[in-house]
Amino acid sequence: MAASGTLSTFRLPPLPTIREIIKLFRLQAVKQLSQNFLLDLRLTDKIVRKAGNLTNAYVYEVGPGPGGITRSILNANVAELLVVEKDSRFIPGLKMLSDAAPGKLRIVHGDVLTYKVERAFPESLKRRWEDDPPNVHIIGNLPFNVSTPLIIKWLENVSCRDGPFVYGRTQMTLTFQKEVAERLTASTGSKQRSRLSVMAQYLCHVQHILTIPGRAFVPKPEVDVGVVCFTPLTQPQIQQPFKLVERVVQNAFQFRRKYCYRGLGMLFPEAQRVESTEKLLELADVDPTLRPGQLSVAHFKSLCDVYRKMCDEDPRLFTYNFREELKQNKSNNQEKEKDPERSRR
């Protein structure tokens, strides 16, 4: 391969349009898989430009489908593009692109939720976490049904610095339903503030960089689409294990219209709930009458730090599940109703 900076400008040769590819291979979007095709190459070019300078970059595209964004990435003069596609119907069309871009496009028929991208690119691309992001990018028009579990998985990878982030602070440019994009970027106190806001923002600089109208997709989804860019922070704003942060944040937001002490209380067994919740909020210096959406990342940092100390003092806390306790209490009550004698013993 040519040395960095000496690659000549690459452009794909004339090819059938995406619409023609869909017709040629009789492709139809599967509603159950939340598939929507973006056919306008001006829009796919715009998404790729928003991802930054991709010259000589190594790009991992998730869910390429019929290959609209794939074409725009290849035309951005990348060193290599790896696409992972689960749906076998799209593979022939992608192979046509691969033939048109010899040595540029690598196709994997697999699932992005399980694919080991950390083994995909050269070791020489790796950068220290404190350095600038590596020349590795993740780009994708995600099916709506996998977008949230996938970004949570990748955020955990950011926290552990593994998966796609073994190369360093790999940047991601991804599509979501507009509502999800707004949640990811929502500021403290806004209506859209949610679990996703906190989990993304404590680990990454998150930007909603583009909104694409639903009518640009085939079939037209009922919602518009937001393009979001993630750049991992050199230091997470909360220095605790991902699962612990996720546990605190999830509990805080489960009663989003109520005061925060209500959801945070579910971190503790019923017998000690009031006392432990008061202790958590007092030591974290958090007003118990704040709503979950009013809690900043700094609030969650304090809550997670105090909760970690409480778990260290009583390791059973971290495995406590309030739903299991409710289930057990319900079962016990049913047994008592069946056996009145038992309840009087």
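From largest accessible area down, sort Cys160, Cys304; use a 1.4 Å probe on the protein chains.
Largest to smallest exposure gives the sequence Cys160, Cys304.
Give me the percent of accessible area attributable to carbon and sulfur for the range 245-317, probe 1.4 angstrom.
47
Note down the nm distance, to one decimal, between modelled labels 7 Å out along Cα→Cβ at Glu179 and at Gln192.
It works out to 1.2 nm between the two label points.
Could you tell me which of the pairs Lys153/Lys327; Lys86/Lys116; Lys126/Lys243; Lys86/Lys153; Lys279/Lys309; Lys95/Lys116 are separated by over 19 angstrom between their Cα atoms in the structure shown?
From the list (Lys153/Lys327; Lys86/Lys116; Lys126/Lys243; Lys86/Lys153; Lys279/Lys309; Lys95/Lys116), the Cα-Cα distance tops 19 Å for Lys153/Lys327; Lys126/Lys243; Lys95/Lys116.
Once the piece of chain linking Ala100 and Arg161 is laid out straight, how much longer is it, given 0.36 nm per residue of separation minus the C-alpha distance between them?
Gain on extension, Ala100 to Arg161, equals 18.5 nm.
Which order do Glu222, Glu61, Glu80, Glu179 take by accessible area at a 1.4 Å probe, largest first? If you can, show how the numbers build up before the last one.
On the way: Glu222 185, Glu61 0, Glu80 35, Glu179 100 Å².
Output order, biggest surface exposure first: Glu222, Glu179, Glu80, Glu61.
Using only DSSP helix segments of four residues or longer, with each worth -39500 (n - 2.57), what per-residue ellipticity at 222 nm results for the chain after dividing by its residue count and rounding to 500?
Values: 14 runs with 138 residues, N = 345.
That calculation yields -11500 deg cm²/dmol at 222 nm.
Heavy-atom accessible area per residue, the range 18-232, 1.4 Å probe: how many Å²? Write down the numbers at each step before the final one.
Numbers: 9110 Å² over 215 residues.
Per-residue accessible area for the range 18-232 comes out at 42 Å².
Need one number: % antiparallel among DSSP beta bridges in the chain, to the nearest 5.
Values: 16 of 35 bridges.
Among the beta bridges of the chain, antiparallel pairing accounts for roughly 45 percent.
Once the dipole of the range 211-330 is set up with Lys and Arg at +1 and Asp and Glu at -1 on Cβ about the Cα centre, which of Gln328, Gln294, Ala216 lies farthest towards its positive end?
So the residue we want is Ala216.
About its Cα centre, how strong a charge dipole does the range 56-120 have in debye, to the nearest 20, once Lys and Arg get +1 and Asp and Glu get -1 at the Cβ?
Roughly 80 debye for the range 56-120.
Which three semi-axes in whole Å describe the equivalent ellipsoid of the range 214-314, each the square root of 5 times a Cα gyration tensor eigenvalue, listed largest first?
32, 18, 12
Between Lys309 and Asn329, what is the spin-label point distance in nm, taking each point 7 Å from the Cα along the Cα→C-beta axis?
2.9
I'd like to verify something in the chain: which complete DSSP H helices, judged by Cα projection on the helix axis, reach 15 Å or more and average at least -0.5 on the Kyte-Doolittle scale?
Helices meeting the span and hydropathy rule in the chain are 144-160, 242-253, 273-284, 297-313.
Below 8 Å between Cα atoms, with a sequence gap of 6+, how large is the relative contact order for the chain in percent?
RCO, the chain: 13 percent.
Sorting Ser98, Ser124 by accessible area (1.4 Å probe), largest first, what list results?
Sorted descending by solvent-accessible area, the residues read Ser124, Ser98.
So how strong a dipole does the range 19-141 carry about its Cα centre when Lys and Arg Cβ are +1 and Asp and Glu Cβ are -1, to the nearest 20 debye?
Approximately 380 debye in magnitude.
Let me spell out the model: positive unit charges on the Cβ of Lys and Arg, negative unit charges on the Cβ of Asp and Glu, origin at the Cα centre of the range 132-285. What dipole size does that give, in debye rounded to 20?
On the way: 18 positive and 13 negative charges, 74 e Å.
Computed charge dipole of the range 132-285: roughly 360 debye.
Could you look at the range 18-232 and say what percent of its accessible area is carbon and sulfur, using a 1.4 Å probe and all protein chains?
Using a 1.4 Å probe with all protein chains present, the range 18-232 comes out at 47 percent carbon and sulfur.
Find how many whole Å separate the alpha carbon centroid of the range 78-98 from the alpha carbon centroid of the range 35-56.
16
What accessible area per residue, rounded to a whole number of Å², is obtained for the range 242-332 using a probe radius of 1.4 Å?
Here the residues of the range 242-332 average 58 Å² of exposed surface.
Taking square-rooted eigenvalues a ≥ b ≥ c of the alpha carbon gyration tensor, is the range 18-232 rounded, prolate or oblate, where a/c under 1.5 means rounded and, failing that, a/b exceeding b/c means prolate?
Oblate shape, in that a/c is at least 1.5 and b/c is the bigger or equal ratio.
With the dipole of the range 18-232 worked out from charges on the C-beta (+1 for Lys and Arg, -1 for Asp and Glu) around the Cα centre, which of Leu125, Phe165, Asn141 lies farthest toward the positive end?
Highest projection toward the positive end goes to Asn141.
The values are calculated or read from the model by the stated rules, or taken from the named source; none is laboratory data. Because the structure is predicted, anything quoted here is derived from the model rather than measured. Glycine also receives a Cβ, built like all others from the backbone with ideal geometry; neighbour counts cover every protein chain displayed. Surface areas here come from the heavy atoms of the whole protein model, side chains and all, with no ligands, DNA or RNA. Shrake-Rupley method; radii C 1.70, N 1.55, O 1.52, S 1.80 Å.
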